[in-house]
Amino acid sequence: MSYKKLEVWVIAREAVIKVHRMTLTALPKFEMFEVGSQIRRSVKSVKSNIVEGYGRRRYKAEYLKFLIYAKASCDETADHLDTLFDTGSLTDDALFSEIAQLLDTLGRKLYHFIESVEEYHNLVREESAQYETNTLIDEAVDDTF
């Protein structure tokens with residue numbers, strides 16, 4: 001399976017595209033280089049951290065670390081969007097609402113994805129421990145006979 005099949009990556013990619021276009025078309029020129037630049041970097045960080053975490057998915061702590069970074073970058077992006085709207089730099093209500101809703105959905109999906117990764121790794125660890133216990137019992141029984 002590829003990270004491109006992860007729902008959180010697909011939504012993050014959509015957010016990158018929408019935020020990027022918004023910063024180039026709906027903001028005043030001076031914001032393109034200030035908050036516009038920062039919001040582009042933070043939303044791209046969401047997607048990149050999902051990819052990097054996926055590459056380390058075999059190691060629970062590493063995977064979770066990068067997914068948590070992705071969630072934090074999503075929150076940062078939402079904060080930048082709010083700042084742009086609250087300061088009047090972004091005046092398109094519909095565009096603001098669309099991107100804010102997308103980031104909210106992404107944040108919720110990331111939160112639940114992090115929970116599922118934790119549960120999966122815990123389940124794998126439990127199954128591995130049970131397998132090791134059964135193997136030791138089987139070996140002990142074999143040695144007895």
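The values are calculated or read from the model by the stated rules, or taken from the named source; none is laboratory data. Just so we're clear, the structure is a prediction, and the values are computed from it rather than from any experiment. Cβ placement follows ideal geometry from the backbone for every residue including glycine, while neighbour counts extend to all protein chains displayed.
So that you can scan it fast, the table gives a plain yes or no per residue for (1) assigned to a loop (DSSP other than H, G, I, E, B); (2) in contact with a strand residue (DSSP E or B) (Cβ under 6 Å, 6 or more places away or on another chain); (3) among the hydrophobic types (A, V, I, L, M, F, W, C); (4) within 25 Å of E119 (Cβ to Cβ):
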| site | (1), (2), (3), (4) |
| --- | --- |
| I17 | no, no, yes, no |
| L24 | no, no, yes, no |
| M32 | no, no, yes, no |
| K44 | no, no, no, no |
| S48 | no, no, no, yes |
| G53 | no, no, no, yes |
| Y69 | no, no, no, yes |
| E76 | no, no, no, no |
| G88 | yes, no, no, no |
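Here R57 fits the description: in contact with a helix residue (DSSP H, G or I) (Cβ under 7 Å, 6 or more places away or on another chain) and over 23 Å from L95 (Cβ atoms). The residue that is surrounded by the most Cβ atoms within 10 Å (Cβ to Cβ), counting only those in segment 1-35 that are closer than 26 Å to G53 by Cα and among the small types (G, A, S), is A12. Considering each of V16, V46 in turn, give the residue that is touching a Phe, Trp or Tyr at 6+ places or on another chain (Cβ under 9 Å) and modelled with pLDDT of 95 or more. Of the residues listed, the single one that is touching a Phe, Trp or Tyr at 6+ places or on another chain (Cβ under 9 Å) and modelled with pLDDT of 95 or more is V46.
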